[in-house]
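The values are calculated or read from the model by the stated rules, or taken from the named source; none is laboratory data. Computed from a predicted model, the values in this text were never measured in an experiment. Every residue, glycine among them, receives a Cβ derived from its backbone with ideal geometry; neighbour counts consider all protein chains shown. Side chains are part of the model used for accessible areas, which takes the heavy atoms of the whole protein and leaves out ligands, DNA and RNA. Shrake-Rupley method; radii C 1.70, N 1.55, O 1.52, S 1.80 Å.
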Amino acid sequence: MQDQDWRAESLAAQALGWVDTVTQAVAPPIHMSSTFLRTPEYGSERAYIRDQNPAFDQAEALLTKLEGGAAAALFASGMAAATSVFMALKPGDHVIAPQMMYWSLRNWLTGYASEWGLDVTLIDMTDPVAMQAALRPGRTRLVWIETPGNPLWSITDIAACAILAHQAGARLAVDSTVATPVFTQPLALGADLVMHSATKYLNGHSDICAGALVTAQTGAAWDRIVEMRYTLGAIVGSVEAWLLLRGMRSLFPRVRQQAASAAELARRLAVHPAVADVLYPGLPDFPGHDIACRQMQGGFGGMLSIRVKAGTEAAKAVAARVGLWQRATSLGGTESLIEHRASIEGPTSPVPGDLLRLSVGLEDVGDLYDDLDRALSGGNATARILPPR
């Protein structure tokens, strides 16, 4: 692919158009070597797989391009990527994060970050007044936001947060896993870092675990994060990096279809007699919808949640009755998933007990609705016919 101003869809579909120089293959080889030959003078472009794996190059370059950044780094998981950002800070640094966010990272911030020496404040990140009050100029080093925020899909104003963070001398990091580069480019809105749980939409096939960071600019802060990846060994494997690149080639059509189906389901479920509320940024009456319209271009993502009128036990029963939807933890794959989040997160979860989280896949949207409608109405789904073992 020649260096032209191709649209993001074209860049993703051809993975930047890189061709293997040895074989002219349009799909890259899988590099498995753990070490690389040095010259007699001990010079080498690459030294060791832990920080200079050629399997990372194309996926990192593509993600950098899609996010409009200066550099990217792959990690072993979304958690590895996120915690590396925090662990690259110094003891005593103050950080701000959302009260409602990805459960594993919230647990790490409330349970382990203090042992790392960080001072953590959790706030309602959708409220700019609360954020301004929480900032400590000269001490706050990082503001972490997640938008749309799991599992209520709350919307945080990235541009407004960037201004407030920078005025206080802090950097802004955005977990954009749900929005993906298809709908939002946080760096263009003023963010300094973008994080993805690449396990989810970037890969899109529920068959790897990976994470990624993209930075708006390189420098000492970015170098420290990359060094943290090397030092802790938080690297993704060569096969996983290859599969991630494969997944990103279909990112745009996959995510657009999932968002279109999620929007249709949200509209239909909003008037379902058994549903108390539908949480989806694309609905006009959803809090934050106007902000979402400004910073999400072309769609509102493939995630939504519903609150069941009859309460917690009824919500659990709905999840137990579905047939096409699969009861599993994760999101962003080709298969649609349903989950009673409060049960998964445990007794300290802030998630309402009547909430069901829905990750919309690539199935027929009519089938997905019919399955939910039957479960919400008290009917059991037809049992799946499993293949012989």
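Given the peptides 216-227, 232-243, arrange them by the average over their residues of other C-beta atoms within 10 Å, most packed first.
Numbers: 216-227: 14.7, 232-243: 19.7.
So the peptides 216-227, 232-243, ranked by packing, come out 232-243, 216-227.
Cross-link reach is defined here as a Cα-Cα straight distance under 13 Å, omitting same-chain residues fewer than 8 places apart; for Lys309 the aspartates and glutamates meeting it are Asp277, Asp354. Shown here for the range 263-298: trypsin sites (Lys or Arg not before Pro) in loop regions (DSSP other than H, G, I, E, B) with at most 16 other Cβ atoms within 10 Å, of which there are none. Computing FRET efficiency as 1/(1 + (r/R0)^6) for Glu9 and Thr39, where r is the C-beta to C-beta distance and R0 is 41 Å, gives about 0.50.
Pop the C-beta distance of Asn380 and Ser349 into the FRET formula with R0 = 30 Å and round what comes out to the nearest 0.05.
Working: r = 27 Å, r/R0 = 0.91.
E(calc), rounded to 0.05, equals 0.65.
Ranking Ala81, Leu37, Ala59 by Cα position along the charge dipole of the range 1-92, where only Lys, Arg, Asp and Glu carry charges on their C-beta atoms, puts Ala81 farthest toward the positive end. Extension gain for Thr231 to Gln297 (0.36 nm times residue separation, less C-alpha to C-alpha distance): 20.0 nm.
Evaluated at 4 °C with a viscosity of 1.567 mPa s, what Stokes-Einstein diffusion coefficient in µm²/s does the range 261-389 have when Rh comes from the Kirkwood expression over alpha-carbon pairs? Walk me through the numbers before you get to the answer.
Values: Rh = 15.2 Å.
Translational diffusion coefficient: 85 µm²/s.
Taking the 1.4 Å solvent-accessible surface of the range 241-312 as the whole, the part contributed by carbon and sulfur is 56%.
Note the angle between two axes, namely the Cα long axis of helix 54-67 and the longest principal axis of the Cα atoms of the chain, as a number of degrees from 0 to 90, rounded to the nearest 10. Relative to the chain, helix 54-67 is tipped by roughly 60 degrees. Summing Cβ point charges (Lys, Arg +1; Asp, Glu -1) relative to the Cα centre of the chain gives a dipole of roughly 440 debye. Highest mean packing comes first when the peptides 274-283, 39-48, 144-153 are listed by Cβ atoms within 10 Å, giving 144-153, 274-283, 39-48. Rolled with a 1.4 Å probe across the full set of protein chains, the surface gives Val120 an accessible area near 40 Å².
Taking 0.36 nm per residue of sequence separation and subtracting the Cα-Cα distance, how much length would be gained by fully extending the chain between Lys309 and Asn107, in nm to one decimal?
Details: separation 202, 0.36 × 202 = 72.72 nm, distance 2.89 nm.
Taking Lys309 through Asn107 to full extension adds about 69.8 nm, to one decimal.
Rounded to whole numbers, the Karplus 3J(HN,Hα) couplings from phi for the range 103-120 are 4, 5, 5, 4, 4, 5, 5, 7, x, 10, 4, 5, 5, 7, x, 8, 9, 10 Hz, using 6.51 cos²θ - 1.76 cosθ + 1.60 with θ = phi - 60°, and x at Gly and Pro.
Using a 1.4 Å probe on the protein heavy atoms, what percent of the accessible area of the range 78-166 belongs to carbon and sulfur? All intermediate terms of the calculation are to be shown ahead of the outcome.
Numbers: 1810 of 3250 Å².
That share works out to 56 percent.
At a threshold of 8 angstrom on Cα-Cα distance, excluding pairs fewer than six apart, so keeping six or more, what relative contact order does the chain reach in percent?
Numbers: 789 pairs, mean separation 60.0, N = 389.
So the answer I get is 15 percent.
Residues in the range 263-274 carry Karplus couplings, in order, of 5, 5, 5, 4, 5, 6, 6, 4, 10, 6, x, 8 Hz; the curve used is 6.51 cos²θ - 1.76 cosθ + 1.60 with θ = phi - 60°, and Gly or Pro positions show x.
The calculated 222 nm mean residue ellipticity attributable to helices in the chain amounts to -10500 deg cm²/dmol, summing -39500 (n - 2.57) over DSSP H runs of n ≥ 4 and dividing by all residues. Put a dot 7 Å past the Cα of His166, heading toward its Cβ, do the same for Val22, and the two dots end up 4.5 nm apart. In this structure, the amide hydrogen of Asp277, modeled 1.01 Å from its nitrogen in the peptide plane, lies closer than 5 angstrom to those of Arg307, counting only residues at least 5 positions away or on a different chain. Close amide H partners of Gln326, meaning residues 5 or more places away or on another chain with modelled amide H under 5 Å apart, are Ser336, Leu337, Ile338.
Roughly how many Å² is the accessible area per residue of the chain, as a whole number, for a 1.4 Å probe? Working shown, then result.
Values: 16980 Å² over 389 residues.
Result: 44 Å² of accessible area for each residue.
Under 17 Å Cα to Cα from Lys90, which aspartates and glutamates show up? Leave out anything in the same chain fewer than 8 places away. Within the straight-line limit of under 17 Å, Lys90 reaches these aspartates and glutamates: Glu115, Asp119, Asp223, Glu227. Less than 5 angstrom separates the built amide H of Glu146 from those of Asp175, all sequence-distant by 5 or more or on a different chain.
The structure-derived value of Rg and Dmax of the Cα atoms in Å appears in the list [x] 21.4, 75; [y] 22.9, 80; [z] 28.6, 100 under the label [x].
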